[in-house]
Structure formats: C-alpha cells, structure tokens
Amino acid sequence: MSQPPISIGLSAAIVSVEKENPCALVVTQEDGEDALPFGPFDPESQRTLEQGLRKWVGEQTRFDLGYTEQLYTFGDRGRHLPSPGPGNADGTRVVSVGYLALTRQSEDDASEGKRETRWRGWYHYFPWEDWRGPKPQMIDSVILPKLKAFVKGAANPQGADLRRDRVRLCFGADGVAWDEEKVLERYELLYEAGLVQEASRDTAKSGRRPDPAGMLGAAMVYDHRRILATAIARLRGKMKYRPVVFELMAPSFTLLELQRTVEALLGLRLHKQNFRRLVAEQGLVEGMGKFTASTRGRPAELFRFRREVLRERPAPGLRLGARR
C-alpha cells in the first residue's frame, strides 16, 4: 500500500512592538485573510529548514530575519484546506515547521516590502489576551457563557468535568488566576467549542459560510492563528528566563519604555517600582549617563542592555512577580 506524499512547509511568526502594540508581520491573501509568511521547503536547493524559511520570508516581505527559533511542527490532517479532507487535492499531507522571529523593524520598514505585507497587532486576532486595562469584557459577556454551553454539551459527565476544568484553567474562572502563558490552550479550547471562524471553516458542518460577526477575533488562513498563538505563548514564557525582550528594544531606552514593552507582550500591567527593582536585581541593564530631552517633567535616564549578563549566569530573564 503506497503512502501519500508529504510536503514540508515553513511558517514564520515575525514579532515587533510599535508604540506599545505587539504586532505580527502578515501577508494579505487574495481573499482578504491574513497569513503568516510561509512557503514550501525545497530539499533540493535548500540545505536546512531555516535557510528555506529565510528565503521565503525574504521573497514575501523583503525582510532579513535576525533572532529566530523553531517553534513546533504542525501536521494535522487537512490543515491546508478550507474544508475537511485527507490532504491537498493530490492527497499530499502538508506538515509545517513554525518559527518565531523578533525584530525592531517599524511599520514603515514593512511598507518597503511587497504591497500586501503589513504589521498587524496580535490582539486583533486574540482580543481576550489583553489585560492591560480592565478585564476584557468579552470574557464574561460572551466567552464564558458560550463555554458553559460547551460544557453542558459534553457526551457524558466525565467529559463535562474535563471541559469544565479546561475552562477554569484557561480563562481564570471560579477564582483561578489568569495565566498569560496559556495562549495556545485558550485558542484550542475556543476552536473545539466552535467559537472561532477557523472551526466553522474546517468542520464545514453546513453548506452555509460561517458568520464572521459571531466569531471571536480575526481569522487567519489555514492554521496560522494557531501558529501565532504558539509563538505568543513561547515568547511570554521565554522572556521570563531569557532576555529576548531586548531584541525588540532600541539600543538605548528608558525603564518606562522597557516596562511598557514587557507589558504589551504579556498583556498585563506591572507594578512600576517592583519592575524596576527586579530589573536592577537581575543586572539586565546599565545606565548610559544620558537623559531624554523632555519639554515637560523630569528627563528620564537612558539605559542599555548588559550583554555581559549572558556570560554571568545560565538563565537571565525577567523573573516577573507582583502585577498591577
């Protein structure tokens, strides 16, 4: 019995922070949906997967990637189809290797690439993830009521208990604390409950097109929103034990700019004095003896990242504690 062919795809979640807005670089498709930069891996001409990724990103966006790390391999059946099926039209099973890349490029830089390439705030796709202000209203007014119905729809009491526990852990219900790293788990729960457009598109339970107004967050092509959720979760977790946030900072910055960047990525507000004490204790930055030019208020001191910290201990990062 012959095995169906397998095609390897490469996808990149390229992240930047612009004016306290964490963004992903996306390529707008002909149908208007956003996609992460992606393309097939050619084993004949490309020696490594990362070499293939950099080639595709360069062609689609005219970006040269800096910091890059491999995320995960995505291989669900039918992941590259608008409707369920065993694979592509020729039966090919598409397996995608996802990457996370960080850059300080601005929106103006993106406009120098292809016309359909742009930065898009990642809370456009995951609006329930931004807790920098009040708790997102949609969680109590829309998400939890619909997830409650999802729990009741389980096939048996054991299944209902499992669903109820997932709701509590993912969305901080019933007194459970919000965990900002559970980005992927939350998206997958909403997917299984049929509350994101990709679920309706993939399952195609009826002949009618899904109503985007009834879905949560903006959809992306294929499983690219799942890949982006994986990238956000990885970055939120990794910045606590590796100084990756400084890949997104200018060579010089104020402590307030650093705090606002960290808050933008986490989707949380942090206690100002605790944050500054933490940064000082970790030895992550040092003053440059320079100050910002300010027309009002006291000029703020400029700092730089201490790269020496990478040699001083194995896991330097922002050991985040008290919030708000």
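None of the figures in this text is laboratory data; all of them are computed from the coordinates on show. Keep in mind the model is a prediction, meaning the values are calculated, not measured. With ideal geometry, Cβ positions are generated from the backbone for all residues, glycine too; neighbour counts draw on all protein chains shown.
Once backbone amide H atoms are built at 1.01 Å from N, MET220 has ARG225 as its partners under 5 Å, excluding neighbours fewer than 5 places away on the same chain.
I need the shape label for region 244-312. Rule: rounded when a/c is under 1.5, else prolate if a/b > b/c, else oblate, with a, b, c from the alpha carbon gyration tensor. It comes out oblate by the Cα gyration axes. Simple spin-label estimate for HIS124 and ARG104 gives 2.4 nm between the two label positions (7 Å along the Cα-to-Cβ direction from each Cα). Can you give the FRET efficiency for ALA160 and THR73, using 1/(1 + (r/R0)^6), R0 = 30 Å, r = Cβ-Cβ distance, to the nearest 0.05? Calculated transfer efficiency: 0.40.
Which length gain, in nm to one decimal place, applies between ARG319 and GLU188 when the Cα-Cα distance is subtracted from 0.36 nm times their residue separation?
Going from the current span to full extension adds 44.4 nm.
By its C-alpha gyration tensor, with a ≥ b ≥ c as the square roots of the eigenvalues, how is region 127-214 shaped: rounded for a/c under 1.5, else prolate for a/b larger than b/c, else oblate? Note, shape of region 127-214 comes out oblate.
Could you give the length gained by full extension between LYS148 and ALA250, i.e. 0.36 nm per residue of separation minus their alpha carbon distance, to one decimal place?
Between LYS148 and ALA250, full extension yields 32.3 nm more.
A straight chain from VAL176 to VAL95 at 0.36 nm per residue would run longer than the Cα-Cα distance by 25.6 nm. Working from label points 7 Å from Cα in the Cα-to-Cβ sense, the TYR241 to THR292 distance is 3.3 nm.
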